[in-house]
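Chemist: Please find one structure pasted underneath; my questions will follow.
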Amino acid sequence: MSSRSPERPGLGARGWGIGRALRAPLSRHAEQSLLLVPALALLALVGWREARIETAQAAPVSEQGRVVPKSPASSPRPRALRVCADPNNLPFSNAKGEGFENRIAELLARDLHAKLEYTWWAQRRGYVRNTLSAGACDVLLGVPAGFERALTTTPYYRSTYVFVSPRAKRYGITSFDDPRLRTLRVGVQIVGDDYTNTPPAHALSRRGIVRNVKGYTLYGDYKEPNPPARIVDAVARGEVDVAVVWGPLGGYFAKRERVPLDVVPVSPRVDPPRLPMTFAIAVGVKKGNAPLRDSLQQVLDRRRPEIRRILDDYGVPQVELADASTP
């Protein structure tokens, strides 16, 4: 993993501290917006002989991470599954098809006997507006269930925020009420350069745990591979003692560090009074396209065991879906 320091690592003196103004509760829309960046994933196709790949590999990538698709061929084309995705966002996705959402996209395309086509776009603000809402694609994987800006399937997995810490320290922290969090150096994920904060940052701030907290942006430096990995790198380097990370990111990158790291789900699953730490994840299509949503749902239902194995392969912490109607 890169040893490069994260850009603009936090707030306050010397990059430490998060604002006390964050104690106000989040709306459902805000919760979904905060989750969207780590949850959305690249839909690349690797290996299935039954589904051809249209990856636009020859197209240039702009500074914003957009890839311009190739011009369509003049010959008749098979049914297409058009997806929009980020080409630099492991463990969810990358342009080489190495993420778990890549694998799930393969599965969907194969089962639908469809040709997978892509529009690549970096997951920055305006991502949904410039992709699904603009008609650039028909499908987004990895959206929160019930996402207000799309028509969603039922969830295909639920994950949780996790505490990541060095195994040698044996912290075993599971709750934001652990008194050690008041003195340890704590890393949290933030969204963008304006330091919008994720649910764990709000949970810490409401407890007055702010001066010893350092923020790591999910956006990061897009010129570097896998920008969201910086927070897990920081734990392995000893820059922070413990970090609170969205589960798929924490589980995947912790296994790839040279230093053994523990990954422990946050408990309880809802931080009182109503701040969720687990989220159910679905496939989203453009509103009004119920036939496509229903076709994808049938594949998800048929292939649920395979999807679970894919998630296990990537170290994704999974929570049962019995209560999937909640966020």
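Chemist: Would you please name the residue that is farthest from Gly251 (Cα to Cα), looking only at residues in segment 92-136 that are touching a strand residue (DSSP E or B) at 6+ places or on another chain (Cβ under 7 Å) and of a type in the set (Asp, Glu)?
Modeler: Glu117
Chemist: Condition check: of a type outside the set (Asp, Glu), at pLDDT 95 or above and not in a loop (DSSP other than H, G, I, E, B). Does Thr160 satisfy that?
Modeler: yes
Chemist: Tell me the residue from Val263, Val259 that is of a type outside the set (Asp, Glu), in contact with a helix residue (DSSP H, G or I) (Cβ under 6 Å, 6 or more places away or on another chain), surrounded by fewer than 20 Cβ atoms within 10 Å (Cβ to Cβ) and modelled with pLDDT of 95 or more, please.
Modeler: Val259
Chemist: State yes or no: is Ser295 of a type in the set (S, T, N, Q), farther than 22 Å from Glu148 by Cα and either assigned to a helix (DSSP H, G or I) or in the same structural domain as Gly187 (by TED's automatic domain parsing) (or both)?
Modeler: So Ser295 does not fit the description; no.
Chemist: Can you report the number of residues in segment 176-211 which are of a type in the set (Ser, Thr, Tyr), modelled with pLDDT under 95 and surrounded by fewer than 23 Cβ atoms within 10 Å (Cβ to Cβ)?
Modeler: Of all residues in segment 176-211, those of a type in the set (Ser, Thr, Tyr) come to 183, 195-196, 198, 205.
Okay, now just the ones that are also modelled with pLDDT under 95, so 195-196, 198, 205.
Those still in the list that are surrounded by fewer than 23 Cβ atoms within 10 Å (Cβ to Cβ) too: 195-196, 205.
The number of residues fulfilling the criteria is 3.
Chemist: Within segment 75-114, restricting attention to residues that are assigned to a loop (DSSP other than H, G, I, E, B) and of a type in the set (Lys, Arg), which residue is surrounded by the fewest Cβ atoms within 10 Å (Cβ to Cβ)?
Modeler: Restricting to residues being assigned to a loop (DSSP other than H, G, I, E, B) and of a type in the set (Lys, Arg), the top hit is Arg79.
Chemist: Of the numbered conditions (1) in a loop (DSSP other than H, G, I, E, B); (2) at pLDDT below 95, Pro155 satisfies every one except a single condition; which is it?
Modeler: Failing condition for Pro155: (2).
Rundown of residues vs (1) assigned to a loop (DSSP other than H, G, I, E, B); (2) more than 14 Å from the chain's Cα centre (by Cα); (3) without any contact (Cβ under 8 Å) to a residue 24 or more places away in the chain, yes/no style:
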| residue | (1), (2), (3) |
| --- | --- |
| Lys223 | yes, yes, yes |
| Pro228 | no, no, no |
| Ala236 | no, yes, no |
| Glu239 | yes, yes, no |
| Ala243 | no, yes, no |
| Pro248 | no, no, no |
| Tyr252 | no, no, no |
| Arg258 | yes, yes, no |
| Asp262 | no, yes, no |
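Chemist: Any residue in segment 198-211 that is without any contact (Cβ under 8 Å) to a residue 60 or more places away in the chain sitting within a Cβ distance under 9 Å of a residue that is assigned to a loop (DSSP other than H, G, I, E, B)? List the pairs, counting only those 6 or more apart or interchain.
Modeler: So the pair list comes out as Arg207/Phe176; Arg207/Asp177; Ile209/Ile18; Ile209/Phe176.
Chemist: Follow-up question, since we're still on this one. Does Val162 meet the test of being without any contact (Cβ under 8 Å) to a residue 60 or more places away in the chain and surrounded by 21 or more Cβ atoms within 10 Å (Cβ to Cβ)?
Modeler: The answer is no for Val162.
The values are calculated or read from the model by the stated rules, or taken from the named source; none is laboratory data. As the structure is a computational prediction, the values presented were derived from the model and not from experiment. Please note: Cβ atoms are built from the backbone with ideal geometry, for glycine as well, and neighbour counts cover all protein chains shown.
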